[in-house]
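To keep things clear, I will list the structure first and then write my remarks on it.
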């Protein structure tokens, strides 16, 4: 069953189309990676999902219910952190969770609060005021607030923002555990494509408010099509060889060197063409990363 | 407010009246004497009463008072709890305080009809400069030697008209009701002090313009006479 | 809804800024009480200079009841600023802090949040007023004693018997609560429009100053709108301290001269409160939370 179902969602701010006819769905138990450049419409979309922004048009359903008509019931089962963690500086970490626990119809006792604080690594600092926290600690507390009431759907916008590498790893493992062991559905947006690649089961890429790619990550990162970076002694001659041959369709618009996305069985043919043309070959590296895919689709979209 | 006569005019009047009326003194003195004798029976009293303040710019309710008197001229009006408003200096110019000093010249001034009675009008002029009144007119009933009205001009506090009604204590010259009437100044406090901005109450303004006289009435309900009053009450 | 109110009250009273108002009121009142205790007789003498020419006033004029009246006259002009410090920050402060989006993603509607926050702000206002009442009335009664209330208005004097005073103060404070709640609701409305703290506070005070000037200026052009301005009615707590007189100019115990004025003012203030809060709800419901 689709936990999130979005159909033809649009948001216009005056003449600016921040989100344009967006449709996607997220199934139960998935970790859904939501990707896009700055200003692509990610946060606007997430805010519309959480009814912080009124859509210009389109339809949102969560748990099979219309968001417009069933907002309060739906939000009982949703936990979210949106962009940077903004909290009350004069309250302690524990007080934050106690306050937000009160706003849920589920009974959330002290043991649950302790468990949540422990999950995000803040149990020892629970009695300290937030104004003494670092950005990373505030981020953890924000995640704790999103999790304290044991929601079925968790929406995390930039959850690893400000965390150190250990913290990033901890949050990644936490998200995987929530999905795999606790059966929760997680929608996570992040700029750290490598992190998304490690935890997401599905991704969607939006660009200028429109969806440009969606699907299971393994399918999108086609193992049969690698990203090849060619380093030679003469870039101009290399490009000439590529464009004059059968490889021109594989060329990617990249500013950081010559890249092609091509079937791996044609790589030897490329090597041979370059050598035959007298191009000094330094290296031919193959990659199949999400970053490469992301850059490819967004540059194609431009 | 009446102008205070100067000392020069007062002495001049005294001299002229003394020479012109020396014969008549022998006739009016007995009436004043009778009044004095009657009042002289009272060494002190404590009276209970109800005081009503009727001044155009003052809203006050009736208040219970106690009036203390001790010969020759100690008088104090005390409200039983609460704030009392009394004519300045007017309370001290009661008949007792006027007559008990014995330092005056009494001059006849004819008769006048008052509330169906024919009253003798007698003017008193003080002979001691230290007294705080300048001239006082008394309206006296010669049949019962009761003073029904006085009009006294003081040095410092303007003029007061005092009218009296008598009841069960008439034999001692003690009134059942006493009314002090006096002129009032305009009352006005700046809006910046009272912080009252906006529309003024039109009725209060009309009242203020209409009537610049004030009255204070004391209706006596009970006298305790000659039982002793400590000086500390004054 | 009661969860929202209890949370909001918790936040209000955990915040250090809240106690500025309580401290400011205490400081102001104590300074005035000290000054009047030390030199009140000359102040009273100045007020009574016209009366003292004609009358002797005997009794404890400068008693706790009069001191309280003086304090209320001064403070009820300035307390709205202290109310606005909190009320005008209830929504915009959260938007500025970024916590508004946390609150609006909980299973409560925006209407519930706005009403709940307004109720919490109102409770704060009432608590502040109770604090003011305690200091201005009861502490003044303790320091200066009690007697009749000798009130010197601009054009006349009212002498209210001691037994007839306390209930009037109760009425005056209840009325003052409506006045201050109107300020609370106006601050709240400003708060729902802006996304920062300072703007709504300054806006609320500016609005009060502006409308107070319109209310007090005796220009015929403004007399049409005056009855509809809330500032025209805010100071009518004073009507509790004016008394009817009979045909003999005798004050009638236990009466209020113009009770209709009090009722009208209460209605106008209540309507303003409803209007401002309703507008806050509508604005908050419609806006996109971008902070």
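A Förster radius of 25 Å combined with the Cβ-Cβ distance from residue A:192 to residue A:219 puts the calculated FRET efficiency at roughly 0.70. The GNM of chain A, with springs linking C-alpha atoms under 10 angstrom apart, assigns the highest mean-square fluctuation among A:146, A:111, A:93 to A:111. Counts of other chain beta carbons within 10 angstrom of each beta carbon in peptide C:4-13 average 2. Spacing of the modelled spin labels on residue B:143 and residue A:269, each 7 Å from Cα toward Cβ, amounts to 15.1 nm.
For helix C:166-193, what angle does its Cα long axis make with the longest principal axis of chain C, in degrees from 0 to 90 and rounded to 10? Computed tilt is about 30 degrees. By the Stokes-Einstein formula, at 1.306 mPa s and 10 °C, the protein assembly as shown with its Kirkwood radius over alpha-carbon pairs has D equal to 46 µm²/s.
If R0 is taken as 45 Å, the Cβ-Cβ distance between residue A:251 and residue A:66 corresponds to a FRET efficiency of 0.45.
Taking label points 7 Å from Cα along the Cα-to-Cβ direction, residue C:206 and residue C:109 give a separation of 3.3 nm. Taking segment C:51-94 and a reference point 7 angstrom along Cα→Cβ of residue C:196, the backbone N atoms nearer than 20 Å belong to C:84-94. Counting, for every residue in B:53-66, the Cβ atoms of other protein chains within 10 Å of its Cβ and taking the mean gives 6. Taking 7 Å steps out from each Cα toward its Cβ at residue C:290 and residue B:112 produces label points 8.9 nm apart.
What is segment A:105-161 by shape, rounded, prolate or oblate, if you read a ≥ b ≥ c off the alpha carbon gyration tensor as root eigenvalues and call it rounded for a/c under 1.5, prolate for a/b larger than b/c, and oblate otherwise? It comes out oblate by the Cα gyration axes. Sort segment C:215-284 into rounded, prolate or oblate with this rule: let a ≥ b ≥ c be the square roots of the eigenvalues of the Cα gyration tensor; rounded if a/c is under 1.5, and if a/c is not under 1.5, prolate when a/b is larger than b/c, oblate otherwise. Because a/c hits 1.5 or more and a/b fails to exceed b/c, segment C:215-284 counts as oblate. Beta bridges assigned by DSSP with both partners in chain A are antiparallel in approximately 65 percent of cases. Counting only DSSP H runs of at least 4 residues, each contributing -39500 (n - 2.57), and dividing by the residue count of chain C, the helix-based mean residue ellipticity at 222 nm comes to -21500 deg cm²/dmol.
Each peptide in A:40-47, A:5-12 was scored by the mean count of other Cβ atoms within 10 Å over its residues; highest first, the order is A:40-47, A:5-12.
Using every pair of distinct Cα positions in segment A:2-216, the Kirkwood expression returns a hydrodynamic radius of 17.5 angstrom. Using a Förster distance of 60 angstrom, determine the FRET efficiency expected from the C-beta separation of residue A:90 and residue A:285, and round it to 0.05. The pair residue A:90/residue A:285 has a calculated efficiency of 0.70. The angle between the Cα long axis of helix A:110-119 and the main principal axis of chain A comes to about 20°, on a 0 to 90 degree scale. Arranged from fewest to most other beta-carbon atoms within 10 Å of their beta carbon, B:34, C:286 become C:286, B:34. Once the gyration tensor of the Cα atoms in segment C:2-286 is diagonalised, the equivalent ellipsoid follows with semi-axes of 38, 21, 16 Å, ordered largest first. The long axis of helix C:259-286 is offset from the longest Cα principal axis of chain C by roughly 10 degrees.
Counting Cβ atoms of other protein chains within 10 Å of each residue's Cβ and taking the mean over peptide C:94-107 gives 6. If I build a Gaussian network model for chain A, linking alpha-carbon pairs within less than 10 angstrom, which residue out of A:260, A:192, A:103 has the largest mean-square fluctuation? Of the options given, A:103 has the highest mean-square fluctuation. Summary of packing: across the peptides C:61-67, B:222-228, B:138-144, the per-residue average of other C-beta atoms within 10 Å ranks them, highest first, as C:61-67, B:138-144, B:222-228. Considering all different alpha carbon pairs of segment B:43-194, the Kirkwood hydrodynamic radius works out to 16.9 Å.
Sort segment A:225-301 into rounded, prolate or oblate with this rule: let a ≥ b ≥ c be the square roots of the eigenvalues of the Cα gyration tensor; rounded if a/c is under 1.5, and if a/c is not under 1.5, prolate when a/b is larger than b/c, oblate otherwise. Verdict is prolate for segment A:225-301.
Packing order of peptides B:170-181, A:234-245, C:85-96, B:52-63, highest average first: C:85-96, B:52-63, B:170-181, A:234-245 (average count of other Cβ atoms within 10 Å over each peptide's residues). For chain A, modelled as a GNM whose springs connect Cα atoms under 10 angstrom apart, the maximal fluctuation among A:68, A:30, A:83 occurs at A:68.
A short reminder: the numbers here are calculations on the coordinates, not readings from a lab. Because the structure is a prediction, the values reported are computed rather than measured. Counting neighbours? That spans all protein chains shown, and the Cβs are built from the backbone with ideal geometry, glycine included.
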